[in-house]
Amino acid sequence: MRTLRDRDASTIANLDIVLVNDAVIDEALDWVSGCELCTDSALTDFDYILDAVTGCDPERTEYIMRTLPQCPHCASKITEKTQIAVNG
């Protein structure tokens, strides 16, 4: 998993920083059935779901969430890089 620190200066200049509001977080959470702390089937980063909900380019986008949402199953905090299980 690459982090912002792993990117070189030219790549950072081309990043899109997206501030995520509560409505987008709520829509993304509709797809989440659990997180890496409560299920072995958590294989997808939460930012992948944010990419789908926002329509942003996953290669260029980093997210900043106003508040950290809670896993709907265990209530643990979810960050952009938390692995989650997707509702099927």
For n ≥ 4 DSSP H runs only, could you compute -39500 (n - 2.57) per run for the chain, divide by its residues and tell me the 222 nm figure to the nearest 500? -6500 deg cm²/dmol
Top positive-direction residue, dipole computed over the chain with Cβ charges, set Pro58, Leu37, Ile25: Leu37
Dipole moment magnitude, nearest 20 debye, the chain about Cα centre, only Lys, Arg, Asp, Glu C-beta charged: 260
In the chain, which Cys residues have no partner Cys with a Cβ closer than 4.7 Å? Cys56
Label 7 Å along Cα→Cβ of His73; segment 12-33 residues with amide nitrogen under 19 Å? 26-33
Quick one: net charge around Gly55, please, counting Lys, Arg +1 and Asp, Glu -1 for every other residue with C-beta under 13 Å from its C-beta. -3
In the chain, what percentage of the DSSP-assigned beta bridges are antiparallel, given to the nearest 5? 55
Taking the Cβ of each residue in Leu50, Leu29 as the centre, tally the other Cβ atoms inside 10 Å and list the residues starting with the fewest. Leu29, Leu50
What is the fewest-to-most order of Val24, Val32, Val86 by other Cβ atoms lying within 10 Å of their Cβ? Val86, Val24, Val32
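Rg to Rh ratio, the chain, alpha-carbon atoms and Kirkwood radius? Spell out each step's value before the answer.
On the way: Rg = 13.1 Å, Rh = 13.4 Å.
Radius of gyration over Kirkwood radius for the chain works out to 0.98.
How much length is gained if the chain between Ile64 and Ser33 is pulled fully straight, taking 0.36 nm per residue apart and subtracting their Cα-Cα distance, in nm to one decimal?
The span from Ile64 to Ser33 would gain 9.0 nm if fully extended.
Read-outs: derived from the displayed coordinates by stated rules, not from any lab. Remember, it's a predicted structure, so these values are computed and weren't measured experimentally. Backbone-built Cβ (ideal geometry, glycine too); neighbour counts: all protein chains shown.
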